[in-house]
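Heads up: the structure comes next, in structure tokens.
The values are calculated or read from the model by the stated rules, or taken from the named source; none is laboratory data. Small disclaimer: the values here were computed from a predicted structure and weren't measured. Here the Cβ positions follow ideal geometry from the backbone for every residue, glycine too, while neighbour counts run over all protein chains shown. Quick note on the areas: whole protein, heavy atoms, side chains included, nothing else; ligands and nucleic acids left out. Shrake-Rupley method; radii C 1.70, N 1.55, O 1.52, S 1.80 Å.
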Amino acid sequence: MTNATNQPSTTDPRPAFAAAAEVAAHAIDQVRSEHLALPTPCDQMTVGELLSHLIMVVGRVAAAGRGDD
């Protein structure tokens, strides 16, 4: 992320990520096994595939936070 001067932003992204994770967790908590095969607004993705994608993203963010490659 950059600011108006095209310099890297020094804003800590963790609070925004935590807020987004809280909203996602609430939505995920509502999903039942019979929902997994249903479509989503994301073309070509079922509810189950979208959940798998979210899990992958959280794992990558955690790895980046640890400094993993």
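Taking into account only those residues within the stretch 38-61 that are within 17 Å of ALA18 (Cβ to Cβ) and open to solvent by less than 60 Å² (accessible area, probe 1.4 Å), which is nearest to the chain's Cα centre (by Cα)?
The extreme case among them is VAL57.
With respect to the numbered conditions (1) surrounded by 10 or more Cβ atoms within 10 Å (Cβ to Cβ); (2) outside any helix (DSSP H, G or I), which one is the sole condition not fulfilled by ILE28?
Only one criterion is unmet by ILE28, namely (2).
Anything in the stretch 1-17 that is in a helix (DSSP H, G or I), modelled with pLDDT under 90 and open to solvent by less than 100 Å² (accessible area, probe 1.4 Å)? List them, or say none. Write out each step before concluding.
Here is the first cut: in the stretch 1-17, the ones in a helix (DSSP H, G or I) are 14-17.
Right, trim to modelled with pLDDT under 90 and you get 14, 17.
PHE17, the sole residue that qualifies.
Answer with yes or no whether GLU49 is of a type in the set (Asp, Glu) and at pLDDT below 95.
Numbers: of a type in the set (Asp, Glu): yes; at pLDDT below 95: no.
For GLU49, the condition - of a type in the set (Asp, Glu) and at pLDDT below 95 - is not met.
Contact list please: Cβ distance under 7 Å, first residue in the stretch 53-69 and within 17 Å of ALA25 (Cα to Cα) and part of a helix (DSSP H, G or I), second residue open to solvent by less than 70 Å² (accessible area, probe 1.4 Å) and not polar (S, T, N, Q), pairs at least six apart or on different chains.
Within 7 Å, the pairs are LEU54/ALA24.
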